[in-house]
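Undergrad: Once you've had a glance at the structure underneath, I'll fire off some questions.
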Amino acid sequence: MATSRASSRSHRDITNVMQRLQDEQEIVQKRTFTKWINSHLAKRKPPMVVDDLFEDMKDGIKLLALLEVLSGQKLPCEQGHRVKRIHAVANIGTALKFLEGRKSMYRGSPIKLVNINATDIADGRPSIVLGLMWTIILYFQIEELTSNLPQLQSLSSSASSVDSMVSTETASLSSKRKVAAKIQGNAKKTLLKWVQHTAGKQMGIEVKDFGKSWRTGLAFHSVIHAIQPELVDLEKVKTRSNRENLEDAFTIAETQLGIPRLLDPEDVDVDKPDEKSIMTYVAQFLTQYPDIHGAGCDGQEDDRDDRLILKETKVWIEQFERDFTRAQMTESSLQDKYQAFKHFRVQY
């Protein structure tokens, strides 16, 4: 009997610890994702601000605004002083449909929204809202930025087999989860490889993951050093505490490189730092690092720019054609058709 009670108490203790860790990671993710969203909504005219992520996504207005900023496309939105639930769900539905209609930047596989629906977002369910935000960050930042590193794209070549795993209409939920994990895995692997290749080797730091490897702050300084070596004092970095290094790295990145500060030292200097939050922050440094093997000659830079513009134009045209064809085939009222016409006219 005593053994049984002890076992039960031990199980409860483990469960409580796991729940505490989950709650802490949820708090960090909420804070990080909110800062990331606001860094993009600040570019909007007029700008918008998200104060409470779970509350501010309920009516779908700021969600659609975020997608407009990220995609450069105009999306239909129901708004007013008092948005009713039916309109809120419609807005969120528009956002989800827009996401599902897009394809990965360099794989061509559709975006998969696993177990995410409009009513859960309208209800402000934390895990679902965070899941949706992570999907948006993964595709619109991490995937897009890593796809511009041609030397690393071979890491994700195995992802081409993803399309054969499922069909759009008949995939089971478990298959969709496998696809989502595969997509995230490749993006994570590519980003980690970039850090290891450009930063870790230069400072003799071993970066194994997006968790504990970043706790000391040395990995953040190594990334900054890879971009602008003169910004990092290697001797000081090796003698300071974790918190001091983290604070210094985030401050330098923000003031000298223009990298939005998404993290605080106390978010990272913990036993189990949140992987998604660190990936979201680190991916921003790719915007400041033009080439994985260093800058080439001007002609090579121009060629890369031209190829990137052609690539982005091709992706946009293909997406526009898919959206236009889908709209033509959809049964809808005259009013809806008119709204669709206005939408496509703006896009064109």
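Undergrad: Note down the accessible area of residue 103, probe 1.4 Å, to the nearest 10 Å².
TA: About 90 Å², ignoring ligands and nucleic acids.
Undergrad: Moving to a separate point now. Hey, how many Å between the Cα centroid of region 234-260 and the Cα centroid of region 47-113?
TA: 35
Undergrad: Tabulate in residue order the Karplus-calculated ³J(HN,Hα) for region 191-196, using 6.51 cos²θ - 1.76 cosθ + 1.60 with θ = phi - 60°, rounded to whole Hz; enter x for Gly and Pro.
TA: Using θ = phi - 60°, the values come out as 5, 5, 5, 4, 4, 5 Hz.
Undergrad: Using amide H atoms built in the peptide plane, which far-off residues or other-chain residues are under 5 Å from residue 57 H to H?
TA: Residues meeting the amide H criterion: none.
Undergrad: Right, something else. Compute the Cα gyration tensor for region 216-265, then decide on rounded, prolate or oblate, letting a ≥ b ≥ c be the square roots of its eigenvalues: rounded whenever a/c is under 1.5, prolate when a/b is larger than b/c in the other cases, and oblate in all that remain.
TA: Verdict is oblate for region 216-265.
Undergrad: Can you give the accessible area of residue 334, probe radius 1.4 Å, in Å² rounded to 10?
TA: About 150 Å², rounded to the nearest 10.
Undergrad: OK, next. So how exposed is residue 239, as accessible area in Å² (1.4 Å probe, rounded to 10)?
TA: 110
Undergrad: May I pose another question? Give me a comma-separated list of calculated 3J(HN,Hα) values for region 95-101, in order, Karplus coefficients 6.51, -1.76, 1.60 applied at θ = phi - 60°, integers in Hz, x for any Gly or Pro.
TA: 5, 5, 5, 4, 5, 5, x
Undergrad: Now a separate question. Rank 326, 31 by accessible area, highest first, at a 1.4 Å probe radius?
TA: Putting 326, 31 in descending order of accessible area: 326, 31.
Undergrad: Show 333, 222 ordered by accessible area, largest first, where the area counts protein heavy atoms only and the probe is 1.4 Å.
TA: Descending accessible area places them as 333, 222.
Undergrad: Where the accessible area of region 215-288 is counted over protein heavy atoms with a 1.4 Å probe, how much of it, in %, is carbon and sulfur?
TA: 45
Undergrad: Which ³J(HN,Hα) values, rounded to whole Hz and listed in residue order, are derived for region 276-281 from phi using the Karplus coefficients 6.51, -1.76 and 1.60 in 6.51 cos²θ - 1.76 cosθ + 1.60 with θ = phi - 60°, glycine and proline given as x?
TA: Once θ is set to phi - 60°, the couplings for region 276-281 become 5, 5, 5, 4, 4, 6 Hz.
Undergrad: Same structure again: Can you return the lysines within cross-link range of residue 337? Criterion is Cα-Cα under 21 Å, with same-chain partners fewer than 8 residues away left out.
TA: Residue 337 reaches 74, 97.
The values are calculated or read from the model by the stated rules, or taken from the named source; none is laboratory data. For clarity, every value in this text was computed on a predicted model and none was experimentally measured. Ligands, DNA and RNA are stripped out before the accessible areas are found, and what is left, the full protein with its side chains, is counted by its heavy atoms. Shrake-Rupley method; radii C 1.70, N 1.55, O 1.52, S 1.80 Å.
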